[in-house]
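Here is the structure we will look at.
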Amino acid sequence: MNELYKAWKAEEEAARMVGWDFSHIRGRYTEEEDLPWDFRQVIGEHLKPGHRLLDYDTGGGEFLLSLGHPYAMTSATEGYPPNVELCRRTLLPLGIDFREAADCSALPFGDGAFDIITNRHGDFDPRELSRILKPGGLFLTQQVGEKNDRELTELLLPGTPRPFPGLNLKEQARRFEEAGFTVLRGEEAFRPIRFFDVGALVWFARVIPWEFPDFSVDACLPRLLEAQALLERRGSIEGRIHRYLIAARKTKQGET
């Protein structure tokens, strides 16, 4: 137990997030391996080289850069201060129009500025998105749903309320329709997330405190020992991720 405790405390101390980088626990956990869609492919079905693209809530810009869109036609925003500095160092030198933006209801762009806006696991306001999209423009998003990782939260912090009630396909699709969008595609999925050592789960819980509020090794030690026993019986600790996909088109004037 003493060795486990020291290892878990070391993971707790190592839990720092810059960008959206989970490489620290690569090979020690799995998730998003079998979603029924490929978000990058969904974007590729719509995005053309001449499109003005905005990646809103870009994190560290890792996913945006993987799209390979011409830098001169690309904009990005981020609001989390450590990631803002990272984006300034990595995106601005490439010629990408990066701007700090922490308020999804007040984005620093003019009306009708973009053909396509992408958003992966970030916040959004459909009415503000409508303002900065051209008529007929597209918003494409993959989101984390309200039931994400609930089994893991219950394992470590029983009784913790859901942090973002209402984040599901049905309710969010309705928001877009009320803001003048046509929802072209909507899908929702629940898939396994598995951890192969408790230390990886400790690191994970520390870097997403909105799902695991006030988690610490010392406060949750009895629950971590239960997780260790579960791991030894089953070979992994398993929960479920909740994801949903929305592709929405801004309605052109005169359309119904």
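FYI, it's all coordinate maths here, none of it is from the lab. All of these numbers come straight from a predicted model, not from anything done at the bench. Glycine gets a Cβ as well: all are built from the backbone with ideal geometry, and neighbour counts include every protein chain shown.
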What are the chymotrypsin sites (Phe, Trp or Tyr not before Pro) within segment 1-77 that DSSP puts in a loop, where the Cβ has at most 16 other Cβ atoms within 10 Å?
Phe22, Trp37
For Rg/Rh (Cα atoms, Kirkwood Rh) the list reads (i) 1.01; (ii) 1.04; (iii) 0.96; the calculated value is entry (i)
Most mobile of Gln228, Gln143, Gln41 in a GNM of the chain (Cα contacts under 10 Å):
Gln41
Total lysine pairs under 26 Å (Cα atoms) in segment 2-250, excluding pairs fewer than 8 apart on one chain
6
Mind pulling the per residue volume of the convex hull built on the Cα atoms of segment 171-256? Å³ is fine.
118
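Just to confirm the filter: which chymotrypsin sites (Phe, Trp or Tyr not before Pro) across segment 171-256 are DSSP coil and have at most 13 other Cβ within 10 angstrom of their Cβ?
Details: sites: Phe176, Phe181, Phe190, Phe195, Phe196, Trp203, Phe204, Trp210, Phe215, Tyr244; in loops: Phe196, Trp210, Phe215.
Within segment 171-256, the qualifying chymotrypsin sites (Phe, Trp or Tyr not before Pro) (loop, at most 13 other Cβ atoms within 10 Å) are Trp210.
Suppose we keep just the DSSP beta bridges with both residues in the chain; what percent of those would be antiparallel, to 5?
Working: 23 of 40 bridges.
Close to 60 percent.
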By Kyte-Doolittle mean hydropathy of at least 1.6 and Cα axial length of at least 27 Å, which whole DSSP H helices of the chain are selected?
none
